[in-house]
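Everything on this sheet refers to the single structure shown next.
The values are calculated or read from the model by the stated rules, or taken from the named source; none is laboratory data. Small disclaimer: the values here were computed from a predicted structure and weren't measured. Heads up, the Cβs are rebuilt from the backbone with ideal geometry, glycines too, and the neighbour counts pull from every protein chain shown. Each accessible area value is taken on the protein alone, full model and side chains, heavy atoms only, with ligands, DNA and RNA left out. Shrake-Rupley method; radii C 1.70, N 1.55, O 1.52, S 1.80 Å.
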Amino acid sequence: YIGIDYSGRGKPTAGNPTIRVYEAGVGTEALAVHSAVARNWSRAEAAAWLLSRLRENERAIVGVDHAFSFPRIKLKGYASWPRFLRVFRSKWQTDRKSVSKAAISSAYPGCERLLRLTEQWTSSAKGVFDCNGPGVACSTFAGLPWLLHIREQCRGRVFFWPFDGWEPPGDKHVIAEVYPSLFRNRYRHSGLKGDCLDAFSVAQWLKDMDANGFLARYFNPPLTAEQKDVARLEGWILGVA
């Protein structure tokens, strides 16, 4: 059970103190995973570490704290989520260079209030184009090419939920979008704060829900068939039901 608190700050290869990784095992609570080469994780190194972990046989579920797609109004013409990722990577190249709120706002003027369906189902999640204050805009733009990289490198070993379907198969790793604010308060007793608490909360919540037999419920939120079609392009936040 892996929780990644993400950040779009700085260059892809630069150490970033706000990227945190925690992992829980079947018999252990979530513990911090530290960079092997630097004081702080970079996005490039975090992706490389995750790829290495996903090449192991022990099945993993990974929660990543940024949006995996755009609102459907901005997805017209894309037949699939992988097609969107390929076009996005070609245009933005954020796996090679940094991204700024100014660049996002300039590319999508007047879109700061656009929300995906899953964000509409929460009380506080911000949209991917909302660059006012803290949010997921830069994290999303910085992280999307790495999702494609992992998908291409893993060659069918990883199930991206819900883009690949709503029920994860028992023989694949799972990667899903998460929003730590949904369950952060459950784990304040851990003594952790900020980004560490967020990453810990994701990993520990995944483990706890699986152990209690509830995780399958969250993989099948109560959506209509039409809403599920929308979410297969826009994505869905695991835990929103």
³J(HN,Hα), Karplus 6.51/-1.76/1.60, whole Hz, each residue of region 182-192, x for Gly, Pro: 5, 9, 4, 5, 5, 10, 5, 5, 5, x, 7
Whole-Å distance linking the alpha carbon centroid of region 175-226 with that of region 134-172 is 17 Å
Here region 21-36 yields Karplus 3J(HN,Hα) values (6.51, -1.76, 1.60; θ = phi - 60°; whole Hz; Gly and Pro given as x) of 10, 10, 9, 10, x, 4, x, 9, 7, 5, 10, 5, 10, 9, 4, 8
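Using helices alone, I'd like the mean residue ellipticity at 222 nm for the chain: each DSSP H run of four-plus residues gives -39500 (n - 2.57), total over residue count, nearest 500.
-10500 deg cm²/dmol
Counting other Cβ atoms within 10 Å of each Cβ, which trypsin sites (Lys or Arg not before Pro) in region 1-105 have at most 15 and sit in a DSSP loop? Please list the in-between numbers first.
Numbers: sites: Arg9, Arg20, Arg39, Arg43, Arg53, Arg55, Arg59, Arg72, Lys74, Lys76, Arg83, Arg86, Arg89, Lys91, Arg96, Lys97, Lys101; in loops: Arg9, Arg39, Arg55, Arg59, Lys76, Arg96, Lys97.
Qualifying residues, ordered by number: Arg39, Arg55, Arg59, Lys76, Arg96, Lys97.
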Starting from the amide H of Leu31, placed 1.01 Å from N in the peptide plane, find each other amide H under 5 Å away whose residue is 5 or more places distant or on another chain. Glu23, Ala24
For an R0 of 25 angstrom, estimate the FRET efficiency from the Cβ-Cβ distance between Lys76 and Ala103 and round to the nearest 0.05. 0.70
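How much accessible area per residue does the chain have, counting only protein heavy atoms and a probe of 1.4 Å, in square angstrom?
Accessible area per residue, the chain: 47 Å².
Mind ranking Phe183, Phe214 by accessible surface for me, highest first, 1.4 Å probe? Kindly include the intermediate steps, with their values, before the conclusion.
Working: Phe183 5, Phe214 80 Å².
Descending order: Phe214, Phe183.
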Tell me, what is the FRET efficiency for Leu31 and Asn132 to the nearest 0.05, using R0 = 41 angstrom and their Cβ-Cβ distance as r? 0.75
Relative contact order [Cα under 8 Å, 6+ residues apart], region 23-116, whole percent: 18 percent
Please give the length that would be gained between Ser190 and Ser90 if that part of the chain were fully extended, namely 0.36 nm times their separation in residues minus their C-alpha to C-alpha distance (nm, one decimal). 31.9 nm
What is the Cα centroid distance between region 103-131 and region 36-59, reported in whole angstrom? 29 Å
